[in-house]
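Colleague: Let me begin by handing over the structure; questions about it come next.
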Amino acid sequence: MIKPMSLTKIKDRIPNLYEAVIVASKRARKLNDDNKLEFNTLLSNVSPGHDDEFEDRENPEQLKLSLEFEKREKPHMKALNELVYEGIEFRYKSDKDK
């Protein structure tokens, strides 16, 4: 389900919308990478359920795990909510950081 967010809420936190998009997208990418790592770690602990590699069969444990991750809040929405309501801290790179 798509939940629209008012641009004025975003602009209240960060006056420059382009900066807000960059900050939110970087945070969403980090959240997505963390989710992938967690999913793959949990998936590696799931038993295959059958020995035949060539036949497609449903694995109930794998299906349950996939559905659990599917129900989670999407990374881009979580990042926007963090930006607007929790306040993601960000800074500009200086010449020292390069």
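The values are calculated or read from the model by the stated rules, or taken from the named source; none is laboratory data. Bear in mind the structure is a predicted one, so any value in this text is a computation, not a measurement. Cβ sites come from the backbone with ideal geometry, for glycine too, and all protein chains shown count toward neighbours.
Colleague: Which one is farthest from the chain's Cα centre (by Cα) among residues in the stretch 68-81 that are farther than 16 Å from residue 41 by Cα and hydrophobic (A, V, I, L, M, F, W, C)?
Modeller: Restricting to residues being farther than 16 Å from residue 41 by Cα and hydrophobic (A, V, I, L, M, F, W, C), the top hit is 80.
Colleague: When the residues of the stretch 67-92 are narrowed to those that are over 16 Å from residue 25 (Cβ atoms) and basic (Lys, Arg), which ends up surrounded by the most Cβ atoms within 10 Å (Cβ to Cβ)?
Modeller: Applying the filter and picking the extreme gives 72.
Colleague: Is it the case that the stretch 25-42 has a residue that's over 16 Å from the mean Cα position of the chain (by Cα), part of a helix (DSSP H, G or I) and in contact (Cβ under 8 Å) with a residue 12 or more places away in the chain?
Modeller: Within the stretch 25-42, one or more residues are over 16 Å from the mean Cα position of the chain (by Cα), part of a helix (DSSP H, G or I) and in contact (Cβ under 8 Å) with a residue 12 or more places away in the chain.
Colleague: Here is a further query. The conditions are (1) surrounded by 11 or more Cβ atoms within 10 Å (Cβ to Cβ); (2) among the hydrophobic types (A, V, I, L, M, F, W, C); (3) at pLDDT below 80, and residue 14 fails exactly one of them. Which is it?
Modeller: (3)
Colleague: Give the residue that is nearest to residue 87 (Cα to Cα), with candidates limited to residues of the stretch 23-60 that are at pLDDT 85 or above and among the charged types (D, E, K, R).
Modeller: 27
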